[in-house]
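Heads up: the structure comes next, in structure tokens.
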Amino acid sequence: MPSAHDPRQNHLLAVLPQDVSQRILPQLELVPMPLGHVVYEPGIRMNYVYFPTTCIVSLLYVLMDGAPAEIAVVGNEGIVGISLFMGGETTTNRAIVQSAGFAYQLKGQELKDEFNRSGPMQHLLLRFTQALITQMAQTAACNRHHSLDQQFCRWLLLSMDRLSSSSLVMTQELIANMLGVRREGVTEAAGKIQSAGLIEYSRGHITVLDREGLEKRACECYAVVKKESERLLPETIAR
């Protein structure tokens, strides 16, 4: 059984071969990720990457007027900071902690050194990047074509997949920022879903009561993202 804090709670770190783990794990540093903490800002050079274990990080695009909109979420399935190994060093997105917890921090150069070995770590990171791109593309389509109720269900299911419990603590304002809508829209959408008996929602505390019902109410976008992630990201030791 994993300890209270174990790098292998992150799925990418869990499937690394032993020789790669022996190089990477000693370089990791456990860091707290409080709710609302900004991990990185657009245009700022990134020096570290983060492997979430019990937190969720939201990737946002921020418009010139300051209005944010979520483009993807990353939790224990992946890594925050793909620009570092993709060669960009900076990004146009903001990364902010959506659900508090912990992550393991790794110096960017350490990751790049391992990536450039062209071994299992490189293959894993590229596969995760493809899964992340799928999530971003599906989020764009969802925001354009599906109702706020459906978007809320998709967002909630994606969040639940990255947590070990069925509850999520988040302010109404932050949920509105994630979905790029007004707070009143979140109140209305959450109220409808709660009335259907699918969730319990009170003062930013959301508990999923009927996971199957939530999946039925969500649009196709959630299933597309989940299926592609399961296809790309291995559950056994990577080669």
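For the reader, a short list of remarks on this structure follows.
- Kirkwood Rh and Cα Rg combined as Rg over Rh, evaluated for the range 56-96: 0.99
- 1.4 Å probe accessible area per residue over the chain, in Å²: 48 Å²
- Extension gain, Ala137 to Arg45, is 30.6 nm, computed as 0.36 nm per intervening residue step minus the present C-alpha separation.
- For a straight C-alpha distance cut-off of 28 angstrom, the lysines reachable from Lys112 (same-chain residues fewer than eight places away being disregarded) are Lys226.
- Overall form of the range 67-167 per C-alpha gyration tensor (a/c, 1.5; a/b vs b/c): prolate
- Between 0 and 90°, nearest 10: helix 220-232 axis offset from the chain longest Cα axis: 10 degrees
- Each residue, Arg182 and Leu25, gets one label point 7 Å from its Cα in the Cβ direction; the gap between the two is 5.2 nm.
- A Förster radius of 45 Å, combined with the Cβ-Cβ distance separating Ser167 from Gln109, puts the computed FRET efficiency at roughly 0.75.
- Three-way shape call for the range 80-120 based on the alpha-carbon gyration tensor, with the a/c threshold at 1.5: oblate
- Cα-based values for the range 119-176, radius of gyration first and Dmax second, are 14.3, 43 Å.
- Across the chain, the convex hull enclosing all Cα atoms gives 120 Å³ per residue.
- The range 30-121: C-alpha gyration tensor shape, a/c 1.5 cut-off, then a/b vs b/c: oblate
- Neighbourhood charge, 15 Å Cβ-Cβ cut-off, centred on Glu200 and excluding it, Lys, Arg +1 and Asp, Glu -1: +2
- By accessible area, using a 1.4 Å probe on protein heavy atoms only, the range 70-116 has 48% of its surface on carbon and sulfur.
- Within the chain, percent of DSSP bridges classed antiparallel, to nearest 5: 100 percent
- For Lys227, the lysines whose Cα falls under 19 Å of its own Cα, not counting residues fewer than eight places away in the same chain, are Lys216.
- Size descriptor, Kirkwood hydrodynamic radius, that averages inverse alpha-carbon separations across the range 1-81, Å: 14.3 Å
The values are calculated or read from the model by the stated rules, or taken from the named source; none is laboratory data. Everything quoted here is computed from the prediction, not taken from an experiment. As a convention, Cβ positions derive from the backbone with ideal geometry for all residues, glycine included, and neighbour counts pool all protein chains shown. Ligands, DNA and RNA are stripped out before the accessible areas are found, and what is left, the full protein with its side chains, is counted by its heavy atoms. Shrake-Rupley method; radii C 1.70, N 1.55, O 1.52, S 1.80 Å.
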